[in-house]
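A short worksheet on the structure shown next.
The values are calculated or read from the model by the stated rules, or taken from the named source; none is laboratory data. Since the structure is predicted, the reported quantities are computational estimates derived from the model, not experimental observations. Here the Cβ positions follow ideal geometry from the backbone for every residue, glycine too, while neighbour counts run over all protein chains shown. Side chains included, ligands, DNA and RNA excluded: accessible areas come from the protein's heavy atoms. Shrake-Rupley method; radii C 1.70, N 1.55, O 1.52, S 1.80 Å.
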Amino acid sequence: MIYRQTGLFVTSYAKDMRMFPIPQDRWGIAFVLFVAYVIIPVFASEYWISTIFTVVLIYSLAAIGLNLLTGYCGQLSLGQAGFMAVGAYAAFNFAVRLPGLPVVVNFLLGGVCAALVGLLFGLPSLRIKGFYLAVATLAAQFTIEWVIVSFNWFAAGNMMGAIDTPRMVILGWHVESVTDKYLLTLSVVVVLAFAAKNLVRGEIGRSWMAIRDLDVAAEMIGIRLFPQKLLAFMVSAFYAGVAGALLAFCYLGSLEITSFELLVSFRILGMIIVGGLGTITGSFLGAAFIILLPILISNVAAQFASTQVTQFTANAEVMLFGALIIGFLILEPLGLARLWRSLKDKLRLWPFPY
Amino acid sequence: MNAENNGRGAEPLLQVENISLSFGGLKALDSVSLEVRKGEVLGIIGPNGAGKTSMLNVINGVYHPQEGRILFEGKDRTTMRPHEVAASGVARTFQNVGLFKAMTTLDNLLAGRNLFMKKNILLQAIYFGPAQREEIRQREKVEEIIDFLEIQNLRRLPVGALPYGLQKRVELGRALAQEPKLLLLDEPMAGMNMEEKQDMCRFIIDTNEQLGTTIALIEHDMAVVMDICDRIIVLDHGAKIAEGSPDEVRNNPEVIRAYLGDE
Amino acid sequence: MEEFWYWMEVFVSGTLQGVMYSLVALGFVLIYKSSGVFNFAQGSMCLFGALGFVILLEAEYNFWFALLLTVGMMIVLAIAVDWVVLRPLTARPPITLFMATVGLAFFLEGLAQLVWGTQPHGLDIGISDLPFEGLPISISRFELFAAGISLVMIGVLVVFFHKTRVGRALRAVADDHEAALSVGISLRMVWGVTWAIAGIVALVAGIMWGTRLGVQYSLSLIVLKALAVLILGGFNSISGAIIAGVIVGAFEKLLDVGISVATDYQFGGTESFSAYLLALVVLLFKPYGLFGDEIIERV
Amino acid sequence: MESNILQNGNVTFPVLMLENARRYGEKKIAYREKDLGIWQSYSWQVSLEQSRDLANGLASLGFKRGDKMVVVGDNRPQLYWGMMAAQCLGGVPVPLYQDSIEREMEYVVKHADARFALVEDQEQADKLLNIKENCKDLEYIIYGDPRGLRNYDQPYLFSYEKVQEMGRKFAQENPNYFQEEIDKGSEEDLAIICYTSGTTGQPKGVMLTHRNFIETSTKFSDYEGLNANDSVIAYLPMAWVGDFFLSYGLALTSGITVSCPEGSATVLSNIREIGPTYFFAPPRIWENLLTSVMIRMEDASWIKRKLFHYFMGLASRMQRGGYSSSLLKALDAAMYQLGRIVVYGPLKDSMGLSKIRIAITAGEAIGPEIFAFFRSLGINLKQLYGSTEASVFVSQQTNDDIRDDTCGPPMPWVDLKISEDGEVLFKSPGVFKGYYKNEQATKDTLIDGWVHTGDAGFIDPDGHLKIIDRIQDVSTLTTGTMFAPKYIENKLKFSPFIKEAVTVGMDRPYVTAMINIDLDAVGNWSERRNLNHTSYTDLAQKPEIYDLIGEEVRRVNQNLAEDEQLKGAQINKFLILHKELDPDDEEITRTRKVRRGFIGEKYADLINAMYSDKSHVEVKAQVTFEDGRKSTINADLQIRSME
């Protein structure tokens, strides 16, 4: 209804291949960024900024990473939280052992370390596929957990990987308040989300999708499967690593290895299923949905407040999480992103159905 | 311009020498030799299970033969991997359409250009600058193919939703995007109606004549094969039983026996 | 000599535990063979069954009656899963079905704990965990019993598959879906039966593990270990699952103890991941597991 | 300074081209063409260079003043530049219908004595190559798109680029030749010969001069206020005078931008991309647009359908006006604003018509519902009556006085009168010079400066021209009632389900009709009723379809019954034809006008059957199945009686 496409003709390929070809979409993105950068910091409460917005952004980043590997390249991974842990502990170590680096550099180095570990655990993809590979990524999850707990060098001598993240400084900016941390997170996520979008609409993204859709044919048009899969593992782990670092520095502050347990990997997998496999938008939608849902449930339950309720809601949440995954797979395999798209298409085609 | 025509049928582009291939105990190819000559359209025919697709798979590097060797442009490449084969200038289409179904026509064709693209993940993440220029360069090439195959209105459609005949055409487009020296077509006209077959014939002939691409194709429709092929090779039970011009093959008693006997 | 018996003890204990892994993996292989579904919820089914069983026992039901009831419950569960999850997802890619079973796993865990609570339950089926006396190594009665039950289960299944009509149908389906269809075997029926059998296997495994570890949430995680067993043995080989279970059990015990001893008990707990690494390394050389069928890709 | 060129008299299209290139240079776009996925833009400067190089190339091939060059293909800038190149050298372009078959082309090429041919691509080149032997004047064939032509080695076949290359060489040796030839041009020179696809007999070549077109185009631009910011889409057949006016004349006189679609399959989406401000279309196109809207609305959810019908009703209520209370009027006006967001705006946008300032329907009568629909959306759709002989314009509705059944008052520069026997006559600066090599026809048509259109019509009390039919087709039934076949056919064709109709009645006791259904609309209709069909023939003979069409015929009859003069000429029987009328079979012209005489002979059996008491009739028919197979079958056509 609001879309008007008459007279939008392109006179060059550069314009034709824009990320958002329709002006209304460009305005939409600009509006979302405006809300995120201006409206939320000014008007939202600390609780919302910290526990909702920052967390959603961080998990969105992790979900984007998993989506690159699973949604775009078709390689199922159950170890995303493990790579987050690598990023978090690596960034922590860089911050503690090399003080003076801008904290963003720490995050990126955390991501790079995660990418290298991702490379290591991606190696089996040379020979194995599908579920076999998924199980291999479980190995990553458990091995990483074990290594961090067993070698307390990683936690600067603390047991169970317990760490407190140091103060953050970027070129004189002391990132201290909840809003500061939110803005830092937001900026990192925005940059990496656009980078991810650029990756998937270019040659690398096409190669990944080709491998996902039909690896035999992909190889026969000259795509080298193994390096491309490895690259997907690395990029995915990089995103997870940065997300892990953000989680540690910008949200938790002090944490243990349990912040990155297997359940977290499954939550991220749930996010991309619910949000939409193979879409960047879906990663955001899925993360927001999976994180907001329990809050919503407990708020509703709080209306009928009683002590047993918390336990009830905790279990109901797990059930609902499972049911949602099944429900989305059955009813809308392409997730919230698809619903969002259909809504947009409806508006674009209005009043026609097609 | 007509160099490929002058040279047609003379120089071998691909030589397959005494290839044998078996799966477990099953012999798919039994000491088969053939050559594809520069500039020609070669037809490979034979009853079901004659080993035609296996032959393409061997040429393609999907399977490696247990015996024999393959020369492409005079160089041995028997043990090449499929992506190396592609890089050396061989493209193919599949019997049951090997497209990337969730991707658009444009992306499928662009994917076919991957061999020509410089990959640099950082530049691509930034997009603006070299990566964009590269994308545009490849897009220009792909647009020529879209124009060539008259699939302008399919650009933005996911190929999985296209009718079968058009999928086959897009798949040919993806193969052409590789700018192959040798194009292998596995039943390019299977499952098509008359009109689609005619179109496909025209595109195959145009590809051969205008782009100078050497073509080897498998096809069941005899009329089509006789029509567009310069030379025909007949396989039966994994062995070559005849070879020659369409006329020679048509009248070859062994071929007739193989076909009738199979019924 | 003492040292030898010590290692022998570790080995035997690991092996016996491995047989219990096999039991979990077995339910998994059954489903994978017949329907191609990689059922991540197998562990949750163990928890679900064991929890149901223990609650009935605690309510002072007769042991056998409780068992019968829970078996019935597992069959109902199998049918429900078939209707609600599998049917709507027919003809979807395997990876989708796998993810659906991940969802199912969460759903079952949530459901079980919602209905029966989250506190751990001890389960006593009357077999003590004391070692036999008079042997050079200590072997737990319970471990031996559990291994025995597992082997009996496996034996029963083998007989079922080879001697009964339904079992033969199941095998036919596992070998070739289309051929099975063409001779008039109903895939739906077969899948329902398989899921029911897998549910019963899960129940038995859940009772065994529940006796060992207590019936609690972490029970659903033994499926993860079973996954390592699976990829080691190959998804579609029953004997593979059994042998791989034994290998994994023995390996992780030996490695754990080995590392602990070697590092003077500085490092331990390698059991949490060693099985996966083992599986991973094996996969690099045998991509379809030790006993899995190689899939020849046709193009 | 600027207006000098245009004021010193003697303005030709080449002069305008030079002027536009000087005035707009690289700054304004003359032509756009969707090619290789994007809109390639060509400035006036580029257009000039393109035409100049080609003109020089033609000169080097020996193109002389007065030479004819046939031009054939889809609308392409290259072809427009080719026409310009010919005109620069004092030659005359002769555009042909791109879907003409060889025989039709051969006639025109021969009749026009064309020495040169400029064709779009291999398809057209093949046709000309095949007829070249019979056309001894035809010396050179130039093609635009080299695809498929690389292996052609005829010495008289050149690519567009090759000719331009020769032109650049030629220009080095004769640097002034191009300008000198333009200077030699006179406004009274022929600018184009348009062959009208006569409904009777062979096509006639209408000779139009530079002055004819430049004067009408200039006057029309002033009249409608068109300027260099306007844009049009060039999609009408180049051989139709309307396209020459729109995509060539207007471009040169007013500097509007002309956009050429990617191909015939993408015209509709291309229109949307460009969003033209001035749109010129025959009723068939408007019908197609409406049909596509209706088909899609049918599939929409009920709430959208309700909204759509409510707002369309509201709009037509407001069109009609005549409110009894000002409150109701204000209420409707307020709702109309909402409708702009909810229905009118999106609809116009989906058709690519939201930037339209002026829309014209011409060439045939348009159905009142169709007309009202587009007017309701707020599109300034106007009816035009024109002819090739008038350089398009005779009369057109004005912005503030729109009726659905008239063609408006004469254009300000046109004199119009009705002869005693009811024929429409006109006189204007656009009046043609004569029919090429056809003195007799010229003498019959152009008498004392008045063009005899052959159309029967009258001027209503408000000064609006109303057309009834071709004067030669108006006849009487044996009962003495007046019978105007096209008038009835048009009413039938206003139904979305009826694509073509031929009515018979001259010297017969009653009126009968042969009908072509619209395969898209009827196909869609039957799909929702689970009626399967294998072919047009199969679908056409289903009783349900007969019922559907019968209902439409009944509606037309009711309408006729309201007219005192025509109520005796209601349709008595009809049948649905087993095949679609096809220009390739000479049943209709390329502009889709019915060739009455030919059809009368070809389908004599069917017609006679309808005047007997038979309830069906056998016919041998070739059918084409959806998979492309053809076969001949004996179709059994039902005859439906309307009593």
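Here C:R92 clears all of (1) within 24 Å of C:A66 (Cβ to Cβ); (2) free of Cβ contacts under 8 Å to residues at least 60 places away in the same chain; (3) in a loop (DSSP other than H, G, I, E, B) except the condition numbered (1).
When each of A:T51, A:T6 is tested for being under 30 Å from A:A237 (Cα atoms) and either facing chain D (nearest Cβ under 10 Å) or among the β-branched types (V, I, T) (or both), the lone residue that passes is A:T51. Is one or more of the residues making up region B:174-181 in contact with a Phe, Trp or Tyr (Cβ under 8 Å, 6 or more places away or on another chain), within 14 Å of chain D (Cβ to nearest Cβ) and surrounded by fewer than 21 Cβ atoms within 10 Å (Cβ to Cβ)? The answer is no; no qualifying residue exists.
On inspection, D:G378 passes the criterion of being outside the structural domain of D:S217 (by TED's automatic domain parsing), open to solvent by 30 Å² or more (accessible area, probe 1.4 Å) and not basic (K, R). Here the condition is being buried (at least 21 other Cβ atoms within 10 Å of the Cβ), within 11 Å of chain A (Cβ to nearest Cβ) and either assigned to a loop (DSSP other than H, G, I, E, B) or within 30 Å of the chain's Cα centre (by Cα) (or both); of D:S269, D:S259, it holds for D:S259 alone.
Any idea which of B:I256, B:I205 is among the β-branched types (V, I, T), more than 27 Å from B:A28 (Cα to Cα) and surrounded by fewer than 23 Cβ atoms within 10 Å (Cβ to Cβ)?
Working: B:I256 fails: more than 27 Å from B:A28 (Cα to Cα).
Exactly one of B:I256, B:I205 is among the β-branched types (V, I, T), more than 27 Å from B:A28 (Cα to Cα) and surrounded by fewer than 23 Cβ atoms within 10 Å (Cβ to Cβ), namely B:I205.
Condition check ((1) more than 11 Å from chain C (Cβ to nearest Cβ); (2) open to solvent by 60 Å² or more (accessible area, probe 1.4 Å); (3) closer than 30 Å to D:D299 by Cβ) across all residues:
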| residue | (1), (2), (3) |
| --- | --- |
| A:E317 | no, no, no |
| A:I325 | no, no, no |
| A:L331 | no, yes, yes |
| A:L339 | yes, yes, yes |
| A:W350 | yes, no, yes |
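Determine, yes or no, whether A:F31 is of a type in the set (F, W, Y), out of contact with any Gly (no Cβ under 7 Å at 6 or more places or on another chain), within 14 Å of chain D (Cβ to nearest Cβ) and open to solvent by 20 Å² or more (accessible area, probe 1.4 Å). Break it down stepwise before answering.
Details: of a type in the set (F, W, Y): yes; out of contact with any Gly (no Cβ under 7 Å at 6 or more places or on another chain): yes; within 14 Å of chain D (Cβ to nearest Cβ): no; open to solvent by 20 Å² or more (accessible area, probe 1.4 Å): yes.
Here the answer is no, as A:F31 does not meet what is asked.
For D:K304, the requirement of being surrounded by fewer than 21 Cβ atoms within 10 Å (Cβ to Cβ), within 8 Å of chain A (Cβ to nearest Cβ) and under 26 Å from D:L246 (Cβ atoms) is not met.
In region B:118-127, the count of residues that are buried (at least 22 other Cβ atoms within 10 Å of the Cβ), at the interface with chain A (Cβ under 7 Å from one of its Cβ atoms) and of a type in the set (S, T, N, Q) is one or more. Against the conditions (1) within 19 Å of the chain's Cα centre (by Cα); (2) open to solvent by 50 Å² or more (accessible area, probe 1.4 Å); (3) farther than 30 Å from A:I22 by Cα, A:F284 satisfies every one except (3).
If you go through region C:153-175 and keep only what is open to solvent by 40 Å² or more (accessible area, probe 1.4 Å) and under 12 Å from C:I197 (Cβ atoms), you end up with C:V156, C:F160, C:T164, C:V166.
Residue-by-condition table, conditions (1) open to solvent by 40 Å² or more (accessible area, probe 1.4 Å); (2) over 20 Å from D:F63 (Cα atoms):
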{"residue": "D:E104", "(1), (2)": "yes, yes"}
{"residue": "D:V108", "(1), (2)": "no, no"}
{"residue": "D:E123", "(1), (2)": "yes, yes"}
{"residue": "D:E139", "(1), (2)": "yes, no"}
{"residue": "D:F158", "(1), (2)": "no, no"}
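Scanning region B:94-111 for any residue that is under 21 Å from B:D221 (Cβ atoms), open to solvent by less than 10 Å² (accessible area, probe 1.4 Å) and at the interface with another protein chain (Cβ under 7 Å from one of its Cβ atoms) turns up at least one such residue.
Strands (runs of 3 or more DSSP E) wholly in region D:459-537 with at least 1 residues that are among the aromatic types (F, W, Y), open to solvent by 50 Å² or more (accessible area, probe 1.4 Å) and farther than 26 Å from D:N288 by Cα - which ones? Walk me through it before giving the result.
Values: elements: D:465-470, D:498-504, D:511-517.
Qualifying strands (runs of 3 or more DSSP E): none found.
Only one of the numbered conditions (1) closer than 21 Å to A:L255 by Cβ; (2) within 20 Å of the chain's Cα centre (by Cα); (3) touching a residue at least 60 places away in the same chain (Cβ under 8 Å) is violated by A:L109, and that is (3). Filtering region D:307-330 to residues that are without any contact (Cβ under 8 Å) to a residue 60 or more places away in the chain, more than 11 Å from chain A (Cβ to nearest Cβ) and open to solvent by less than 20 Å² (accessible area, probe 1.4 Å) leaves only D:L314.
Within region D:547-572, restricting attention to residues that are under 25 Å from D:K620 (Cα atoms) and surrounded by 19 or more Cβ atoms within 10 Å (Cβ to Cβ), the residue that is farthest from the chain's Cα centre (by Cα) is D:N572. In region A:161-174, is there at least one residue being within 14 Å of chain C (Cβ to nearest Cβ), under 30 Å from C:D256 (Cα atoms) and not in a helix (DSSP H, G or I)? So far as region A:161-174 goes, no, none of its residues is within 14 Å of chain C (Cβ to nearest Cβ), under 30 Å from C:D256 (Cα atoms) and not in a helix (DSSP H, G or I).
Could you say which residue among A:G111, A:G118, A:G71 is within 14 Å of chain C (Cβ to nearest Cβ) and outside any loop (DSSP other than H, G, I, E, B)? Spell out the reasoning first.
Details: A:G111 fails: within 14 Å of chain C (Cβ to nearest Cβ); A:G118 fails: within 14 Å of chain C (Cβ to nearest Cβ).
Being within 14 Å of chain C (Cβ to nearest Cβ) and outside any loop (DSSP other than H, G, I, E, B) holds for just one of A:G111, A:G118, A:G71, which is A:G71.
From C:E252, C:E271, which residue is within 12 Å of another protein chain (Cβ to nearest Cβ), charged (D, E, K, R) and open to solvent by 40 Å² or more (accessible area, probe 1.4 Å)? Write out each step before concluding.
Numbers: C:E252 fails: open to solvent by 40 Å² or more (accessible area, probe 1.4 Å).
None of the others qualify; the one that does is C:E271.
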